[in-house]
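The values are calculated or read from the model by the stated rules, or taken from the named source; none is laboratory data. In this text, all values refer to a predicted model and were calculated from it rather than measured experimentally. Using ideal geometry, Cβ is built from the backbone for each residue, glycine included, and neighbour counts are taken over all protein chains shown.
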Amino acid sequence: MDKNTVDLDNYLSMDLLRFTTAGSVDDGKSTLIGRLLYDSKSIFEDQLEAIEEASHRKGKEYVDLSLLTDGLRAEREQGITIDVAYRYFATPKRKFIIADTPGHIQYTRNMVTGASTANLAIILIDARNGVIEQTCRHSIIASLLQIKHVVVCVNKMDLVNFSQQVFEDIKAEYLAFAKNLSVKDIHFLPISALMGDNVVDRSINTPWYSGKTLMETLETVNIDQDYNFTDGRFPVQYVIRPHSEQYHDFRGYAGRVEGGVFKPGDEVVVLPSGLKTKIAAIESMNGKMEEAFPPMSVTMTLENDIDISRGDMLVKADNQPKVGQEIELMICWLNEKKMVPGGKYVIKHTTKEARCIVKEVKYKVNISNLEEIHDNKEIGLNDIGRVLIKTTAPLFYDSYSVNRSTGSLILVDEFTNETVGAGMII
Amino acid sequence: MSNYHLTHLKQLEAEAIFVMREVAAQFERPALLFSGGKDSIVMVHLAQKAFWPAKIPFPLLHVDTGHNFVETLDFRDEMAQRVGANIIVRYVQDSINKGTAVEEKGPNPSRNMLQTVTLLEAIEEFKFDACFGGGRRDEEKARAKERFFSHRDEFGQWDPKNQRPELWNLFNGKKQVGEHFRVFPISNWTEMDVWQYIALENIPIPSIYFTHQREVVDRRGTLLAKSDFITLMGEEKYETKTIRFRTIGDMTCTGAVESAANSLDEIIREVASARQTERGTRADDKRSDAAMEDRKKQGYF
């Protein structure tokens, strides 16, 4: 393992890709992640020694890379993965954050959580089984959460003699299913996570495959357009008032740009007041900045003295979000306690907090085939449904398909303070 | 093609700043846990950026085990002064004197576990409702499942089976009276990211991260620095070696690495070719397979 060939200045131009993997115990997900970490030389000797020792103890003939993703003792005792685990590796081109989630239907909550921040989803299909219900479920969740890129890995190709026909059949089957989904960028790869075929190194067993390896795919997927650079959205997070001699009258609005590009001199409208002003400067400790765009955290000063506080939003005059209190969403329920129709919840949306009442459940979604369920509208743990809520204060929002930040919200139980629902605005 | 592009370090910085501002907005009495190590130094730097030109709107809290490197303590005081932050120091020795903590026995008694007692006492004393920590998910498997906003009950305990789901960038800091949160703004950073960021931002760090000569003893493969807190056993003896520290913790459990790295570039090169994890130099994690998980449940950092 020689990593001395690292170019020291690489990191000044590397970008960041977040991806999610979902799978069940047997489909080789842990092995695949282990393989990516191992072949990208992200595994250290002490970690490798530990899993070599554990593999030997368990009587395995090869080093079981899936042990690298072994979780908490609480999980080992129960033989399951309870939670989303985050893992990291880097190549000279990109840094990667993996949200590793268990794939069983009981863990829809975890898949949704992992998918909420991902650019890309890896869907694993066992070459022997083809597209199964679980494949559809993972894909539908990826689509609902508006993951822009999906990489379908047809795994265990070694067990079907690296047959091109098997691969092509699965690809056709998946495409037929996926035409109803909103994912536009889908890649297909024949791999063997266990043997390493087409994961990092090109396989000699698939001469009929001329596409990229998984690592090449992850390194080159174009994520430049994954943020919304069109609709100017700046939710005010915190007001900075130094009260110091030097910055006596300084009043800065801190927050993260959630859409569009802001420049000094731009005319902006403050919501909810509707007052217009101009951006005086975009400030930072390293000096004034020429522009701000997602996902930058910046501080803006304005030309006029307007009363603005957390939860307000700066937007462009000619491109404003929707403003309203009756909002339809797809909701994923995250808590053992079922959603109460007519129930009241705290909501968090951008930097704003309000309360809401669940006015109506339109339907529940069968997450294995996207069918609407109208005869049973009870929304419990891991269910996804379409609901109408009414909020105590107007929200400034966009459709989730247009902007993941201004289109998402969470519901919080008023009594237990737990996060119980994840909503995507229609 | 878009020109709107942020490098991975700038994205990680933006995320950490967002989390810090979220805490300042959602909580009444936050504090930043400061150890003088590189992760907490980066945290202070990020806090400066998050609230500039205002001063950092919360105090730094250092739990001093009494087993710190003198270079770390000097650096701590110098840094707090430079950034104009209020620093609170609470001592494990005071908890021992009060009888709330009991010193370990043995040749290098660790005060690592005892820090938890003093930390929880300080949280109660100052009624802190959110404490920033520099923990990273890449450090250790119990940390890999940690949230940005990590809920702690009124005993300061972490319950890994009952964590709040964390979606998008919507952080739920709601709690009952007496409960608090630990918040980890650099959750998604790796050791390499931290070093690259220190180099990028030119952040000062204590001298012991760079190569120097020091008397050390080799105890079961861990090079421990000579100090009053370590008793030599059997054939052990101190030898002078050219070393540096990859992490900084207590002198009783922080192992040195033999290294001639004299600059950040050399450190980055060394980290890039490292064959052992960073915490491999930490004797505190070697005590058992689930050592960190157990400590976190009790209220550790």
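Tabulated values for the structure
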{"read-out": "Residue in segment B:162-180 that is surrounded by 24 or more Cβ atoms within 10 Å (Cβ to Cβ) and more than 9 Å from chain A (Cβ to nearest Cβ) present", "value": "yes"}
{"read-out": "Qualifying residue in segment B:205-217 (condition: touching a strand residue (DSSP E or B) at 6+ places or on another chain (Cβ under 6 Å), loosely packed, with under 15 Cβ neighbours inside 10 Å and in a strand (DSSP E or B))", "value": "yes"}
{"read-out": "Positions within segment A:225-246 being at the interface with another protein chain (Cβ under 8 Å from one of its Cβ atoms) and either part of a strand (DSSP E or B) or in contact with a strand residue (DSSP E or B) (Cβ under 9 Å, 6 or more places away or on another chain) (or both), in sequence order", "value": "A:Tyr227, A:Phe229, A:Gln237, A:Tyr238, A:Ile240, A:Arg241, A:Pro242"}
{"read-out": "Qualifying positions in segment A:293-321 - at the interface with chain B (Cβ under 10 Å from one of its Cβ atoms) and either over 17 Å from B:Phe51 (Cβ atoms) or not hydroxyl-bearing (Ser, Thr, Tyr) (or both)", "value": "A:Phe293, A:Pro294, A:Pro295, A:Met296, A:Val298, A:Arg310, A:Gly311"}
{"read-out": "Boolean, B:Val44 is crowded, with 20+ Cβ neighbours inside 10 Å and either within 14 Å of chain A (Cβ to nearest Cβ) or among the aliphatic types (A, V, I, L, M) (or both)", "value": "yes"}
{"read-out": "Which listed residue, of B:Glu166, B:Glu121, B:Glu103, is acidic (Asp, Glu), at pLDDT below 85 and in contact with a helix residue (DSSP H, G or I) (Cβ under 9 Å, 6 or more places away or on another chain)", "value": "B:Glu103"}
{"read-out": "Output for segment A:293-317, where each listed residue is touching a Ser or Thr at 6+ places or on another chain (Cβ under 6 Å), modelled with pLDDT of 95 or more and not basic (Lys, Arg)", "value": "A:Leu302, A:Glu303, A:Gly311"}
{"read-out": "Cβ-Cβ under 9 Å pairs, at least 6 apart or on other chains, segment A:279-290 side more than 12 Å from chain B (Cβ to nearest Cβ), far side in a strand (DSSP E or B) and among the hydroxyl-bearing types (Ser, Thr, Tyr)", "value": "A:Ile279/A:Thr301; A:Ala280/A:Thr301; A:Ile282/A:Thr299; A:Ile282/A:Thr301"}
{"read-out": "Residue among A:Leu17, A:Leu36, A:Leu32 that alone is part of a helix (DSSP H, G or I), crowded, with 19+ Cβ neighbours inside 10 Å, in contact with a Phe, Trp or Tyr (Cβ under 7 Å, 6 or more places away or on another chain) and at pLDDT 70 or above", "value": "A:Leu36"}
{"read-out": "Some residue of segment A:347-365 being under 23 Å from A:Cys136 (Cβ atoms) and in contact with a helix residue (DSSP H, G or I) (Cβ under 9 Å, 6 or more places away or on another chain)", "value": "yes"}
{"read-out": "Single residue of segment B:139-155 satisfying the filter (crowded, with 21+ Cβ neighbours inside 10 Å and not basic (Lys, Arg)) that is modelled with the lowest pLDDT", "value": "B:Ala142"}
{"read-out": "Tally of residues being at positive phi and either assigned to a strand (DSSP E or B) or surrounded by 12 or more Cβ atoms within 10 Å (Cβ to Cβ) (or both) across segment B:220-240", "value": "0"}
